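A.B. asks: What follows is a structure written as structure tokens; I'll ask about it next.
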């Protein structure tokens, strides 16, 4: 753990409320029920950029915990790879061009 200003961080995480293959960039906000994000907010506050990587929701009665820990099917895997590539590009855009420019480009 290195002490740094939260506004210099970019948190990238999975989000069931975003469609697979898509990303959403936000400047700040709450955890949306995501335990990992809540942990970061508890330690650092909420003033940091986030890139939400879409994983979608289970299509059956699978619990959220089991869904996020399960192996995706081949179609979903390809979408996840594409969205991770977008998240990488968006992170570079945030660093090089600023958060607002990246949000306009990728949201």
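A.B. asks: Could you pull out the residue among 97, 14 that is surrounded by 14 or more Cβ atoms within 10 Å (Cβ to Cβ) and without any contact (Cβ under 8 Å) to a residue 60 or more places away in the chain?
C.D. replies: Values: 97 fails: surrounded by 14 or more Cβ atoms within 10 Å (Cβ to Cβ).
Unique residue meeting the criteria: 14.
A.B. asks: Between residues in the range 36-54 that are on the phi > 0 side of the Ramachandran plot and residues that are part of a helix (DSSP H, G or I) and surrounded by 14 or more Cβ atoms within 10 Å (Cβ to Cβ), which pairs lie under 8 Å by C-beta distance while being six or more apart or on different chains?
C.D. replies: 45/6
A.B. asks: Taking the range 86-98, which residues are at pLDDT 95 or above and either within 14 Å of residue 48 (Cβ to Cβ) or in contact with a helix residue (DSSP H, G or I) (Cβ under 7 Å, 6 or more places away or on another chain) (or both)?
C.D. replies: 86, 90, 91, 93, 94
The values are calculated or read from the model by the stated rules, or taken from the named source; none is laboratory data. All values reported here derive from a predicted model rather than from experimental measurement. Because the Cβ atoms are built from the backbone with ideal geometry, glycine has one as well, and the counts that use them run over all protein chains shown.
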